[in-house]
Amino acid sequence: MVKVKLREDYREYENGTSAMEIAKSLGAGLFKAVCVCKIDGEVKDLRTKIENDCEIEFITFDDEEGKRAFRHTASHILAQAVKRLFPEAKLAIGPAVDNGFYYDFDCDKSLADSLDKIEAEMKKIVKEGLVLEQFSLPVDEALKMMEEKGENYKVELIREHAEKGEAISFYKQGDFVELCAGPHIPDTSRVKAFKLTSCTGAYWRGNEKNKMLQRIYATAFTKQADLEEYLAQVEEAKKRDHNKLGRELEIFTTVESVGQGLPIMLPKGTAILQILQRFVEDEETKRGWLRTKTPLMAKSDLYKISGHWDHYKDGMFVMGDEEKDDEVFALRPMTCPFQYQAYLNRARSYRDLPMRLAETSTLFRNEASGEMHGLIRVRQFTISEGHLMCTPEQLEDEFKRCLELCVFMLKTLGLYEDVSYRFSQWDPEDKEKYIGTPEQWDEAQGIMGKILDNLEIPYKIGIGEAAFYGPKLDIQIKNVHGKEDTLITIQIDQMLAEKFGMEYVASDGTKKNPYIIHRTSIGCYERTLALLIEKYAGAFPMWLAPEQIRILPIADRHQDAAYSLKNKLFDMGFRVEVDARSEKLGYKLREAQLNKIPYMLVIGDNEAENGTVSVRKRGLGDQGVMSADDFAALAKSDVDSKVIW
């Protein structure tokens with residue numbers, strides 16, 4: 001017998017009883033709802049046999065692990081349906097992702113034209129209630145089976161797993177067999193509600209040098225009502241998509257002849273970025289940051305010192321050939337090795353520290369074409385970058401100050417409630433990816449973990465997400481489609497100072513290497529702009545709006561008063577335009593509303609004669625008539641307070 005802890009209750013079962021049988025013994029309702037289980041904290045398939053005393057927690061669709069197992073099973077159903085309809089299709093990968101799942105196929109026929117047929121076939125598989133059965137094979141048998149099936153992508157994956165010494169695990173449902181480690185839900189009948197949402201191209205393994213596959217995106221839920229609610233949210237997200245809305249509002253555009261990942265900022269977008277940059281730079285200056293301005297490129301020698309040449313060269317735009325040219329240059333992918341030169345300009349003592357250097361940096365990264373997305377991921381971008389050199393005693397307080405700056409920015413922009421935190425650590429199984437020794441990494445991560453715990457930051461751990469030179473706190477955010485990206489980072493670095501010979505004379509007269517904090521304050525301006533477009537659906541807060549006020553003269557005879565008011569407001573610092581077209585007032589108002597203008601000022605006979613304006617506020621409508629001075633005071637209050645409405 002084995003003793004199993006279930007919450008606060010202990011029960012005994014025969015050795016070898018499966019977790020699924022235990023769930024059944026606890027009630028039909030639980031068995032129908034459970035997707036996977038946790039055995040001593042580790043997520044396991046329900047088919048797992050219990051052979052030792054342990055603690056079991058049953059996981060339903062309401063839990064993140066449950067959703068992933070449920071949707072991973074749905075991806076197998078999708079793959080089986082495609083193979084039934086298109087036997088010649090080759091299977092690649094089909095993971096669960098945030099809000100759904102996808103599967104990549106190599107197929108000569110267009111799957112986008114057959115999504116309805118594939119959905120219908122999936123429904124048949126669900127009705128069949130096929131049981132998912134896990135089994136394992138030796139490497140040679142696994143390879144033989146997939147080679148006979150002609151599944152070349154699976155063969156490639158099996159060979160990789162074999163090199164790592166991993167067991168070759170499969171799941172079978174009916175006559176369909178899939179290479180998979182699991183876990184999965186018990187059978188296909190539980191996938192009650194699903195929808196195939198799109199079919200796009202995707203390079204095998206995300207590498208543009210590989211073959212382009214067809215990726216079917218989908219989602220799945222336990223209830224049809226939940227699926228319909230989600231699909232309604234997706235439709236709303238499409239309306240807010242910065243790629244669509246940013247173009248409609250003439251914030252930015254892209255041009256094929258310019259290149260992918262190289263957006264053109266139109267006047268409105270440029271105005272917003274200019275406002276953001278001035279705001280950020282002024283705030284950083286208030287907090288003791290000194291500004292630098294460094295080159296956009298450097299010789300390979302600089303990047304070799306920092307380690308970027310060895311660890312990041314593929315992501316850089318390189319000019320020249322090391323075998324042929326005396327000097328090889330590269331556009332900078334980050335500013336740290338440049339800003340270090342300001343520190344190295346003269347000898348430093350502990351009295352010079354902390355030294356806070358900030359720069360509005362234009363950076364260049366050779367992102368894969370398949371990774372480009374609007375303003376979220378681009379090849380040239382501008383970042384609010386900073387590097388802080390300090391003593392070990394100053395490290396925690398300075399890290400806290402950097403975080404306080406980020407929080408201030410997020411709250412002001414209205415993004416604070418939308419972010420999460422990730423403590424990004426190195427992967428000790430992939431040492432080639434990093435510089436430094438395990439001891440150095442343990443020390444750096446230990447220091448950072450202590451700081452984060454002291455600050456009570458609610459973080460998740462991301463193994464393998466660290467920079468090649470140190471751990472970092474990544475402030476994460478999702479776009480309207482649920483795709484998560486890093487918005488802001490704060491990194492602790494104890495390695496690059498030594499590489500660059502950065503020292504300070506300590507109070508005891510000895511020379512020491514400073515700790516370095518790499519940080520951004522609002523991150524990449526382009527990515528931040530994309531998220532703001534989506535957050536506010538283009539209706540920016542008054543202080544950020546590229547056009548804050550639009551004056552609408554009712555007739556031609558009111559234009560003199562309109563332009564006089566425009567000049568007055570412009571001189572006060574407002575971004576204001578006059579719609580002097582010979583159109584009806586209703587048409588002008590509708591267009592101003594579509595353009596998301598915060599304030600619309602109507603001037604007719606009475607207003608022109610009395611020096612007043614009829615005020616309309618975005619989202620709130622008619623605000624009545626007031627003097628020009630009273631309106632200016634109201635608008636100034638909105639701007640100064642950076643209120644969000």
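The values are calculated or read from the model by the stated rules, or taken from the named source; none is laboratory data. Treat the numbers as computed from the prediction; the structure is a model and nothing was measured. Don't worry about glycine lacking a Cβ; one is built from the backbone with ideal geometry, like all the others, and counts go over all protein chains shown.
Quick notes on this one:
- Per the listing Glu8, Glu21, Glu42, Glu14, the residue uniquely of a type in the set (Asp, Glu) and within 14 Å of Gly66 (Cα to Cα) is Glu42.
- Selected residue (only one of Val126, Val155, Val139 is more than 24 Å from Asp45 (Cβ to Cβ), in the same structural domain as Ser75 (by TED's automatic domain parsing) and buried (at least 16 other Cβ atoms within 10 Å of the Cβ)): Val155
- Scanning the stretch 204-228 for residues that are closer than 19 Å to Lys117 by Cβ and among the basic types (Lys, Arg) yields one hit, Arg215.
- For the stretch 286-298, residues that are under 13 Å from Pro333 (Cα atoms) and in a strand (DSSP E or B) total 2.
- Helices (runs of 4 or more DSSP H) enclosed by the stretch 567-645 - at least 1 residues per element that are touching a residue at least 60 places away in the same chain (Cβ under 8 Å) and surrounded by 14 or more Cβ atoms within 10 Å (Cβ to Cβ): 628-641
- If you go through the stretch 60-107 and keep only what is in contact with a helix residue (DSSP H, G or I) (Cβ under 6 Å, 6 or more places away or on another chain), closer than 20 Å to Cys37 by Cα and either hydrophobic (A, V, I, L, M, F, W, C) or in a helix (DSSP H, G or I) (or both), you end up with Phe61, Ala96.
- Output for the stretch 349-389, where each listed residue is under 17 Å from the mean Cα position of the chain (by Cα), in a strand (DSSP E or B) and basic (Lys, Arg): Arg377
- Tally, over the stretch 390-431, of residues that are assigned to a helix (DSSP H, G or I), touching a residue at least 40 places away in the same chain (Cβ under 8 Å) and either within 29 Å of Leu262 (Cα to Cα) or in contact with a Ser or Thr (Cβ under 7 Å, 6 or more places away or on another chain) (or both): 7
- Summed over the stretch 22-55, the residues that are part of a helix (DSSP H, G or I), out of contact with any Lys or Arg (no Cβ under 9 Å at 6 or more places or on another chain) and free of Cβ contacts under 8 Å to residues at least 24 places away in the same chain give a count of 3.
- Residue tally, condition touching a Pro at 6+ places or on another chain (Cβ under 9 Å) and within 23 Å of Ile251 (Cβ to Cβ), over the stretch 589-604: 1
- Condition met for Ala225 (touching a residue at least 40 places away in the same chain (Cβ under 8 Å), among the hydrophobic types (A, V, I, L, M, F, W, C) and in the same structural domain as Ile77 (by TED's automatic domain parsing)): no
- Filter result for the condition that a residue is in a loop (DSSP other than H, G, I, E, B), of a type in the set (Asp, Glu) and surrounded by fewer than 20 Cβ atoms within 10 Å (Cβ to Cβ), over Asp325, Asp282, Asp301, Asp314: Asp325
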